[in-house]
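Reviewing the structure listed below.
Rule-based calculations on the coordinates, nothing more; no lab input. Fair warning: this is a prediction, and the values are worked out from it, not measured in the lab. Here the Cβ positions follow ideal geometry from the backbone for every residue, glycine too, while neighbour counts run over all protein chains shown.
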């Protein structure tokens, strides 16, 4: 959700710098959880495209109603 807000801010303000915040907004909390609590390295750093594709698949499933929030 925070990623969508940052992208909308980039469009609304016509400031492309907000797009740099989108990946941090999307993955930042997960990265902190991996480093601080699980004491491991997130797979996002090794397989960034698989991570993004997985997130997009999850988002698609939420949109079509396969996954309820």
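Which of the residues that make up segment 1-26 are assigned to a helix (DSSP H, G or I) and either touching a strand residue (DSSP E or B) at 6+ places or on another chain (Cβ under 7 Å) or closer than 20 Å to residue 63 by Cβ (or both)?
2, 3, 4, 5, 6, 7, 8, 11, 22, 25, 26
Working only within segment 32-58, note down all residues that are part of a helix (DSSP H, G or I) and either over 13 Å from the mean Cα position of the chain (by Cα) or exposed (fewer than 12 other Cβ atoms within 10 Å of the Cβ) (or both).
Hits for segment 32-58 are 32, 33, 34, 35, 36, 37, 38, 49, 50, 53, 56, 57.
Look at segment 59-69 and say how many of its residues are closer than 13 Å to residue 1 by Cα and either touching a residue at least 12 places away in the same chain (Cβ under 8 Å) or exposed (fewer than 10 other Cβ atoms within 10 Å of the Cβ) (or both).
2
Since residue 19 meets every condition but one in (1) touching a helix residue (DSSP H, G or I) at 6+ places or on another chain (Cβ under 9 Å); (2) under 25 Å from residue 69 (Cα atoms), which condition does it not meet?
That leaves (2) as the condition not met.
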